[in-house]
1. From ASP196, ASP217, grab the single residue that is of a type outside the set (S, T, N, Q), surrounded by fewer than 22 Cβ atoms within 10 Å (Cβ to Cβ) and at pLDDT 95 or above.
2. Which of the residues that make up the range 641-661 are open to solvent by 20 Å² or more (accessible area, probe 1.4 Å) and either touching a residue at least 60 places away in the same chain (Cβ under 8 Å) or among the β-branched types (Val, Ile, Thr) (or both)?
3. When the residues of the range 294-306 are narrowed to those that are open to solvent by less than 30 Å² (accessible area, probe 1.4 Å) and over 26 Å from the mean Cα position of the chain (by Cα), which ends up farthest from GLN347 (Cα to Cα)?
4. I'm checking my understanding of the structure. Among residues of the range 256-293 that are open to solvent by less than 30 Å² (accessible area, probe 1.4 Å) and β-branched (Val, Ile, Thr), which one is nearest to ALA243 (Cα to Cα)?
5. Say we look at the range 338-360 and pick out the residues that are over 26 Å from the mean Cα position of the chain (by Cα) and open to solvent by less than 50 Å² (accessible area, probe 1.4 Å); which of these is modelled with the lowest pLDDT?
6. Determine whether GLY249 is out of contact with any strand residue (DSSP E or B) (no Cβ under 6 Å at 6 or more places or on another chain), open to solvent by less than 60 Å² (accessible area, probe 1.4 Å), part of a helix (DSSP H, G or I) and modelled with pLDDT of 95 or more.
7. (1) touching a residue at least 12 places away in the same chain (Cβ under 8 Å); (2) part of a helix (DSSP H, G or I); (3) closer than 17 Å to LYS543 by Cα; (4) open to solvent by 20 Å² or more (accessible area, probe 1.4 Å): which one isn't true of VAL573, the others all being true?
8. Is there a residue being of a type in the set (A, V, I, L, M), touching an Asp or Glu at 6+ places or on another chain (Cβ under 9 Å), at pLDDT 85 or above and within 30 Å of LYS976 (Cβ to Cβ) anywhere in the range 425-441?
Amino acid sequence: MRYNLFKFSIVTLLILLSSGAWSQESVFYNEPGRTYRQAMDLFTQKAYGPAGKLFDEYIKEKHDKDDIYVENAAYYKLVCAVEMKDSDALPLAVEFRKRYPESAHLASVFFETGRLYFNSRKYRPALEAFKKVSPGKLSADQRAEYYYKTGFCLLKINKPDQALANFKRVMDTKSNYAAPAYYYYAHIQYLKHNYDEALTAFKKIENNRRFRKYIPDYLIHIYFEKKEYQKVVDQGEKFYRKAPSKSKGEIARLIANSYYELKDYDKAYDYFKMYERSSRSVTPEESYKIGIVKYKKEEFNAAKTNFQKATSIKSDIAQSAWYHLGYCYLNTNQEKFARDAFLKAYQMGNDPEVTTDALFSYAKTTIKTGGDPYHDEISIMEDFIKNNPGSTRINEAYDLLVQLFLTSKNYQAALESIDKSGTPGKRLQKIYQNLAYSKGVELFKRSDFNGASQFFDKALKYPVDKNIYVKTLFWKGDANYQMHRFAEAAKYYTRFLKQRNAVSTNLYATALYNLGYTAFNQKRYNNAIDNFNRFLQSGQAPKRLITDAKLRLADCYYIQKDYERALSYYDVVVRANGQDADYALYQKASCYGAQGDFNKKISTLNEFVRKYHHSPIYTDVLYEIGSTYLVIHDQRHAITSFDKLVKEKPKSVYAKKALTKIGLLYYNNNQYNEAIKALKKVVNLYPASSEAKEALNTLKNIYTETGHVDEFFAYAKGLDFVQVSTSEEDSLTFVVGENYYIQNNCNSAINALSKYVSKFPKGGFVLKSYYYLADCFGKQNDRKMALTYYEKILEFPDNEYTVKALLMSARIEFDKKNYSKSLEYYSQLEERAETKSIVLESRDGMMRSAFYTGKLQEAAQVAKKLLKTDKVSEDQIVFAHYVIAKDAYDRGNFSEANREFGITDKLTSGEWGAEAKYYQALIAFNNKDDKKAEELIYQLSDQYSDFDYWVAKGFILLSDVYMVRNNSFQAEQTLKSIIDNYQGEDLRQVAREKLKKIESLKPTDKKEKEVGNE
């Protein structure tokens, strides 16, 4: 380059001299011409540093700046600066162009300017300078440099087609720029996917010392793009060993992919492993291939990650990725994941063969896992059968469909599907029977007896399996019994007992027991006795029912007045000291009384008082003792007994009766002062009761007999709730209404009694009228008006209607979801309850009312009392444990909460059980036991598939489990299943937010390939 530039400069100088410059010869050889000559000598010797200084000195010595030698010196000074790469070269060029705009050197100056900008990597200014150069005026070497650098500038400003044209002008020259021109020409053709042209150009320079280390990389890529995989392998394996470390990963990728295409999976595996180690970002397509080679090596755990990534794109390989992922899950004992993966592969439907096999694999894993909580597997298989009647695997499809029916939790859909098939064969009939029976039992356990009964009817439709048929008869009877359809229940129990194989079931004795109860409840006592005796003689009677059966036998004999037999059975129950021993002892005393043995009756009742002070019938017994003493004319002991009752149970309904009896006894014994005290106490404490009226009448008699009538009237005038006497009109008006009530003519009763209470707001029969009105409105289902009159009754002091009014008011308010009010009434009711059934209902109502008003601690306290109450039902037990669990969880006592939720879960298959299972999983998760949490969540979906809300919440929690395990893929798939399949927007939104958060955590890798600098 330097030689060419010098040659060009000398030619220019000769032209100038031939045009009259000879006259200046003396100038050239004299001072300061000598300085110029010395500079030229140094320039020709390529001593650009010293030459440049002398040219600068010459310019300063000359005063005529327009002198041709000065112009030449300025030019050569610029050339020297360029060759020396001086920082002032570019300013010198700019200055020269301004000073000598007509100079013959100007083309060369633009060329040098372009070179300067190029070396400074200022490609756009360089290109502008090169545009002002006339290539024809340049030497061959200069032209080569000009076209090469112009091409490079065009490439850098993204004009590859123009760059190609410039590189092409240089490629076949002998210039030093020929090889780089070939290189960038080939590079551009490679980027344009013109692989043949690129290959030819790269081949030309593959042995070039400067480029030979880069060419193999390109050749391997080109062979790969041309699908010449053997050449990729041959070239790649040679190059891999000496390739720079940053290129090894990419070379390994190409070799691995080529071996994969050549079906040499072992070699592909080796190079894919190298590639994976060196790369942070693997494409889904290559992840799929890596998954395949690992799958073939049976490295299923490792392959899962690759297949998971491959599922992210919408292409044919995604289906295959899901399909193989399913088998990876199967081989790593993750059947539920496998089920979901096979379903995804089936739904994509790209490859018919893969689609079919994926469906069948989905069905098999669904059968193994016990169902799919979010898809109707039966409908999916039925669609396949409908759409592919000619499939070679149609028989296998039918076989799988049958198995799906057996394992399906969606009994309704399964039964409807079989119904649609017309007349099913024996095999489907058996499945139908099994499914209907199972669903019926499930609903029965949830106390949905009507729903259960309907499914039992379906099960009886096809009596193929005799064992199921027999059990269905029993449960059909039991469902009717629970709904108090006793005649219908008896019919099915009887049918059950007539079956030949009934006696071999564990239900035989229970059927006899229940049949005894159906007869008892229908007052068919001989029939009841017969069945209870058969139950006791069956040899299969459960211990827990034996005592109860004997108690009912005793009741039957008592009702039939066979007191000796009744006594013998009551005595058995008393000795057993079980749940109803207090009742049996009381009834035993009643038998003695019925036989006229009052002393035995009293001693038996006193035994009761000593043993069962907390019994709900304790007040009944105290009153009965006093009453029995009256029968045997032992007034002293009668008064003592009645007084004991009044003192111990003042709020009891028997207290006012006992107090009235005390007053009457004193009156009959002419102990008037004591009688007046007792009777006034009745009036004062129970002013609205019938006993108060009786006490008032007796007081009137006492005052009359003792000649103090004025005192009586003075006393009576101060009473608010009871009139001294009732007028004939008052009495007659009430009696009209009462007669209608007795005749069950509620419309007329309401009309008459409403007029009565309006006309006589403080009449003698107002309280009773309120009760009749409340009862009639209740019978007419006008609960609002019924409540109005029950609450009017409660405005009175305790009376004979108080307990009933509290009970009905509590029930009505509870049904209206006015739980604060129902809690108030149930609490008052518990204080006054005197029967086991009322105690039980009041505590149950208190517990539920407190729970629904958010008073968890109060609800839990009552729940614990309820669990200790006699004859608490299964439903009440379940809810009590559920309430205790919720309270414990709310207080942060997670150990107690977990225990109580566990009990709830075991006792019910209903929604409380589903919620309890969820909370057990949540507690396990919060205790960092993710394995236990996962296990419980899957149990939730298996056992409580009907409760979508809790199943969905469970799966959302499962996504958290997967995130703890760094399994974001399964976390995403789980959340997507909620978003795609759950119907409620609330939990779908929760799932979306969690999914968005997971996606935001993913790294974003960007990979760019740029053209390097010169």
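1. So the residue among ASP196, ASP217 that is of a type outside the set (S, T, N, Q), surrounded by fewer than 22 Cβ atoms within 10 Å (Cβ to Cβ) and at pLDDT 95 or above is ASP196.
2. LYS651, VAL653, TYR654
3. Just the residues of the range 294-306 that are open to solvent by less than 30 Å² (accessible area, probe 1.4 Å), to begin with: 294, 303-304, 306.
When the remaining residues are screened for being over 26 Å from the mean Cα position of the chain (by Cα), the result is 294, 303, 306.
On the way: LYS294: 25, ALA303: 22, ASN306: 20 Å.
This residue is LYS294.
4. Applying the filter and picking the extreme gives VAL282.
5. So the residue we want is GLY349.
6. It is false that GLY249 is out of contact with any strand residue (DSSP E or B) (no Cβ under 6 Å at 6 or more places or on another chain), open to solvent by less than 60 Å² (accessible area, probe 1.4 Å), part of a helix (DSSP H, G or I) and modelled with pLDDT of 95 or more.
7. Every condition holds for VAL573 apart from (4).
8. Pass one, the range 425-441, residues of a type in the set (A, V, I, L, M): 428, 431, 435-436, 441.
After this cut, where a residue has to be touching an Asp or Glu at 6+ places or on another chain (Cβ under 9 Å) as well, the list is 436.
Checking the rest, the ones that are also at pLDDT 85 or above come to 436.
Cutting the leftovers down to within 30 Å of LYS976 (Cβ to Cβ) gives us none.
There is no residue in the range 425-441 that is of a type in the set (A, V, I, L, M), touching an Asp or Glu at 6+ places or on another chain (Cβ under 9 Å), at pLDDT 85 or above and within 30 Å of LYS976 (Cβ to Cβ).
The values are calculated or read from the model by the stated rules, or taken from the named source; none is laboratory data. Since this is a predicted model, take the numbers as computed values, not measurements. Backbone-built Cβ (ideal geometry, glycine too); neighbour counts: all protein chains shown. Side chains are part of the model used for accessible areas, which takes the heavy atoms of the whole protein and leaves out ligands, DNA and RNA. Shrake-Rupley method; radii C 1.70, N 1.55, O 1.52, S 1.80 Å.
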